[in-house]
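The next block holds one structure in the form of C-alpha cells; read it before the comments.
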Amino acid sequence: MKVSVCTLGCKVNHYETQVLRRLLSGRGAEFVPFGTPCDLSIVHSCAVTEESARKTRQMMRRARRASPEGIVAVIGCLAQVEPGSLAEADIILGNRDKSSLLSLVDTFSAERKPVVHVPDILKYRTFEPMTVSQDERVRATVKIQDGCCNFCAYCIIPFARGPIRSKELTDAVSEVETLVKNGYKEIVLTGIHLDSYGREHGRFSLLDLLERLDEIPGLERIRLGSTEPVMVTAETVERFKKLKHLCHHFNLSLQSGCTATLKRMRRRYTAEQYAEGVALLCEAFPDLSLSTDIIVGFPGETEAEFAETFAFAEKIGFSKINVFPFSPRRGTAAWDFPDPVDPAVKKERCRRLLDLSSRMEQRFCERYVGQTLPVLFESFRGGKAFGSAPNFLSVEVDSNICLIGKILPVRIVSAEKGLCRGDLQKSEKCGII
C-alpha cells in the first residue's frame, strides 16, 4: 500500500503523525511524497484559524486530484470541530482513537462508504497511549500532554482537543530513555498546554518530569515547547537552575503586551506579571533566549494599545517574535466581538512587529560572535552543515563531511539575518584533532 501524508499545524500533530507512520509501516506501507498517486492519502489537519482550515480543505482536494481512486483520510483538529466541512473525504477521524485509522481504512475498503469517527472529545479524561522510538528529525519530539481548559477568547483548541490529559510520568521517562538509546541527543517536550502536565493527577508535574529526564545517561539536551508565563515563578526557576541539560530557550507565549487587550483575550496574566517572570528567567540564565507569540489586531485593539505591545516587546528584548494577525475563528467567543480592526491596519502592524523582531534577532545573534557554542547539526547540503545551539541560535559551518546528529563546538565568526556563521573547533567527535 502506497501512503502519502500531509501534516499541518503544531508539534503535537507532527508527533502523532510519527505514531501513525510506525503503525502503517507495520502493515507494509510504502510512503510517497504527498500529492503523488497512492492508495491512501492522510491529511493531519489544523483548525487554529480559518486560514488553517482552508489549507486543510485545499490539501484534501489536492489528494483527491492526485489519486481519484485512492482513499482520502482527514484526521485531527478540523475533523474534530468541523467534520461537516470535509464531506469530500472518505474517512474523517477526530482527535481520539487515532490508532484506529488502520481499522477505519479496512472498513472503508470493504464497504466503500464514508467512515466518520469523531467522539465527543470533551468527555475524555485519560491520555491516549502513544509512543515513538524514532523521529524523522535529528531532535526527537515527545508528546506528554493533551488538551486545554483555558478557553481563551480567540482559541478553538479546547473544543478540538478537550480537557487536559497527561502521559504517566514513568511512561514519559521510558519513552525518552528508548529514544536516547536509539541515538537521539536532544528531546523536545510538547503538548497542547505543556504547563498543565500532570495537573489532573496531582501526583507529578512538568518539573518532576524534567528532573527525572535530567538524570538519563546520554541525554544532552532537554528543550521545552511553548509555555505560559504563569508557570514562571521563583520556585520553578530555582528548580530550572538545577537542571544540567535544560536548554535555556523558552518560547513564552505573550499574545499582547497590553493588559487591557489581554483581558479581552481572556488570558490569565497581565503584562506586568509577564515582565516579572521574564526578570526571574534573565537573572537565572545570563544566556537566556526568549521567543514569543503575539496576535496583532485583536478586536478593539487601538493604535495606543498596539503601541503598548510594541514598546513592551522592545523593552523585553525577545530573540524572536512569531507574529500572527488576528483571524476570527468560528466557534470561539471572539468570533463576533465588536470593533474589528481593519485588515490593512492589521497588515501594517504585523509589518512593524516583524521588523522589530528582525532587529532583535540580529542583535541577539551578534551577542555570540566570538563565542564557542555546542551545535547540534541537523542538515547538510552543498558543503555546508546547519544546526542549532542550546539557545536555538541557527548556525552554519563549512564542512566536507556530513555532521548530522553530532553535537560539536563551533566558534561564531559572524551573524547576518538571523543566521550565525562559524568555524568548527578541534574535536575528536568529527575527526578534527
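The values are calculated or read from the model by the stated rules, or taken from the named source; none is laboratory data. Just so we're clear, the structure is a prediction, and the values are computed from it rather than from any experiment. A quick note on method: Cβ atoms are made from the backbone with ideal geometry, for glycine too, and the neighbour counts reach across all protein chains shown.
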| request: Enumerate the strands (runs of 3 or more DSSP E) found wholly within region 73-147, keeping only those where 2 or more residues are closer than 16 Å to Thr7 by Cα. | output: 91-93, 140-146
| Quick check, is Thr292 assigned to a helix (DSSP H, G or I) and either under 21 Å from the mean Cα position of the chain (by Cα) or hydroxyl-bearing (Ser, Thr, Tyr) (or both)? | no
| message | Quick check on region 255-270: of everything there that is in a loop (DSSP other than H, G, I, E, B) and in contact (Cβ under 8 Å) with a residue 60 or more places away in the chain, which residue is surrounded by the most Cβ atoms within 10 Å (Cβ to Cβ)? | response | Arg267
| remark: For region 1-54, the count of residues that are part of a helix (DSSP H, G or I) and of a type outside the set (Asp, Glu) equals 18
| request: Give region 377-413 a look and list any residue that's in contact (Cβ under 8 Å) with a residue 60 or more places away in the chain, within 18 Å of Gln425 (Cβ to Cβ) and of a type in the set (Phe, Trp, Tyr), or say none. | output: Phe377
| said: Whether any residue in region 337-357 is surrounded by fewer than 21 Cβ atoms within 10 Å (Cβ to Cβ) and farther than 29 Å from Ala260 by Cα is what I want to check. | reply: no
| field | Scan of region 411-426 for residues that are within 10 Å of Tyr368 (Cβ to Cβ), among the small types (Gly, Ala, Ser) and either out of contact with any helix residue (DSSP H, G or I) (no Cβ under 6 Å at 6 or more places or on another chain) or exposed (fewer than 15 other Cβ atoms within 10 Å of the Cβ) (or both), ordered by number | value | Gly422
| Considering residues of region 305-334 that are modelled with pLDDT of 95 or more and more than 21 Å from Leu252 (Cβ to Cβ) only, the residue nearest to the chain's Cα centre (by Cα) | Thr332
| message | Going by what's in this entry, would Ser103 be described as closer than 30 Å to Glu215 by Cβ, exposed (fewer than 15 other Cβ atoms within 10 Å of the Cβ), out of contact with any strand residue (DSSP E or B) (no Cβ under 9 Å at 6 or more places or on another chain) and at pLDDT 95 or above? | response | no
| request: Could you check, for region 388-407, whether at least one of its residues is at pLDDT below 95 and part of a helix (DSSP H, G or I)? | output: no
| In region 290-304, the residues that are at negative phi, surrounded by fewer than 20 Cβ atoms within 10 Å (Cβ to Cβ) and either modelled with pLDDT under 95 or not hydrophobic (A, V, I, L, M, F, W, C) (or both) | Asp293, Pro299, Thr302, Glu303
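Matching residues to (1) free of Cβ contacts under 8 Å to residues at least 60 places away in the same chain; (2) assigned to a strand (DSSP E or B); (3) assigned by TED's automatic domain parsing to the domain that holds Thr49:
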site: Phe151; (1), (2), (3): no, no, no
site: Cys155; (1), (2), (3): no, no, no
site: Phe159; (1), (2), (3): no, no, no
site: Ala172; (1), (2), (3): yes, no, no
site: Gly183; (1), (2), (3): no, no, no
site: Val188; (1), (2), (3): no, yes, no
site: Leu209; (1), (2), (3): no, no, no
site: Leu219; (1), (2), (3): yes, no, no
| request: Would you confirm whether any residue within region 304-315 is under 17 Å from Cys152 (Cβ atoms), polar (S, T, N, Q) and either without any contact (Cβ under 8 Å) to a residue 40 or more places away in the chain or not in a helix (DSSP H, G or I) (or both)? | output: no
| said: Going by what's in this entry, would Asp195 be described as of a type outside the set (A, V, I, L, M), surrounded by 20 or more Cβ atoms within 10 Å (Cβ to Cβ) and out of contact with any Lys or Arg (no Cβ under 9 Å at 6 or more places or on another chain)? | reply: yes
| task | Would you please name the residue that is surrounded by the fewest Cβ atoms within 10 Å (Cβ to Cβ), looking only at residues in region 204-228 that are of a type in the set (D, E, K, R) and more than 16 Å from Glu238 (Cβ to Cβ)? | result | Glu215
| query | Filtering region 34-59 down to residues that are of a type outside the set (S, T, N, Q) and under 13 Å from Gly76 (Cα atoms), which residue is surrounded by the fewest Cβ atoms within 10 Å (Cβ to Cβ)? | reply | Arg57
| remark: Of the conditions (1) more than 28 Å from Asp339 (Cβ to Cβ); (2) in contact with a Leu (Cβ under 7 Å, 6 or more places away or on another chain); (3) of a type in the set (Ser, Thr, Tyr), the single one that Ser291 does not satisfy is (2)
| task | For region 60-100, name all the residues that are under 13 Å from Asp39 (Cα atoms) and of a type in the set (Ser, Thr, Tyr). | result | Ser67
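Table: residues versus (1) farther than 30 Å from Ile407 by Cα; (2) in contact with a Phe, Trp or Tyr (Cβ under 9 Å, 6 or more places away or on another chain).
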position	(1), (2)
Leu252	no, yes
Glu276	yes, no
Leu280	no, no
Thr309	yes, no
Phe324	yes, no
Ala334	yes, yes
